[in-house]
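Remarks on the structure that follows.
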Amino acid sequence: MRLFVALNLPDRVRQGLWEAVAGLRELGLPVRWVRPEGIHLTVKFLGEVAAEQEPALREALTRAAAGGRPLPVAMRGFGVFPDHTRPRVIWAGLDPDPALELLQHRVEQEFAPLGFPTEGRPFHPHLTLGRAARDARPQDFRGLAAAIEALRYDETVLVGSVDLMQSVSQGGGMVYHVRHSERLP
């Protein structure tokens, strides 16, 4: 199973983000867009995991969520990783929040003993909206910076759970399933 830990957003927010980037999708960029139901905030990517590990992962998620609280997730602005001429990911930005950083740290600490090393890069919370095609060229993205600059979507929601998710590759892209959910008390 291909697993990760994530925060899921209400459907209305996912749909709002999808509508906010409609003009960007219409530019015909070589980008595989994430469908609205797939938009989420990845807290930790786990990768391929044996089914027999799932009970331990659920217990780790329970420990990570303990003592937490519902998290305000504030979406502000759009951007790309690593840059506009060779983007790999188009994303919606999130305001930094100490409670979210604390949850991410607790997830890292609880999953490390299970064989999932802590992430070496700083945590940059974002919502992936699209991924550039591997064979895309810089000239394919002319106008991207200006188009992203023109996008607007400001929304804040309270997220009350953290989820162990499974990603499954299907014909039109990845489909995500909640394997286990922990409320943030």
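Rule-based calculations on the coordinates, nothing more; no lab input. Since we're looking at a predicted model, the values are computed, not measured. Glycine gets a Cβ as well: all are built from the backbone with ideal geometry, and neighbour counts include every protein chain shown.
Taking only C-alpha pairs under 8 Å that are 6+ residues apart, what is the relative contact order of the range 37-185 in percent? With pairs under 8 Å counted, the relative contact order is 34 percent. Electrostatic bookkeeping for A66 treats Lys and Arg as +1 and Asp and Glu as -1; over the other residues with beta carbon under 9 Å from its beta carbon, the sum is +1.
Axis angle, to the nearest 10 degrees, between helix 54-65 and the longest C-alpha principal axis of the chain: 80 degrees. Each of P125, L9, A136 was scored by the projection of its Cα onto the charge dipole of the range 2-183, and the greatest displacement toward the positive side belongs to A136; charges sit on the C-beta of Lys, Arg, Asp and Glu.
Here the 3J(HN,Hα) profile of the range 125-133, calculated from phi with Karplus coefficients 6.51, -1.76 and 1.60 at θ = phi - 60°, is x, 7, 10, 6, 9, x, 10, 5, 5 Hz, Gly and Pro shown as x. Coupling constants for the range 159-172 follow from the phi torsions by the Karplus curve (6.51 cos²θ - 1.76 cosθ + 1.60, θ = phi - 60°), and in residue order they are 9, x, 8, 10, 10, 8, 10, 10, 10, 10, 7, 10, x, x Hz; glycine and proline get x.
If R₀ is 22 angstrom, what is the calculated FRET efficiency for the pair Q170 and F123, using the beta carbon separation as r and rounding to 0.05?
Working: r = 29 Å, r/R0 = 1.31.
Efficiency, from the Cβ-Cβ distance: 0.15.
With springs connecting C-alpha atoms under 10 Å apart, model the chain as a Gaussian network and identify which of G130, G16, G79 has the largest mean-square fluctuation. Result for the chain, Cα springs under 10 Å: G16 fluctuates most.
The angle separating the long axis of helix 11-20 from the principal Cα axis of greatest extent in the chain is about 20 degrees.
Computed from backbone phi, the HN-Hα couplings of the range 82-89 come to x, 7, 5, 7, 9, x, 9, 9 Hz, rounded to whole numbers (Karplus: 6.51 cos²θ - 1.76 cosθ + 1.60, θ = phi - 60°; Gly and Pro given as x).
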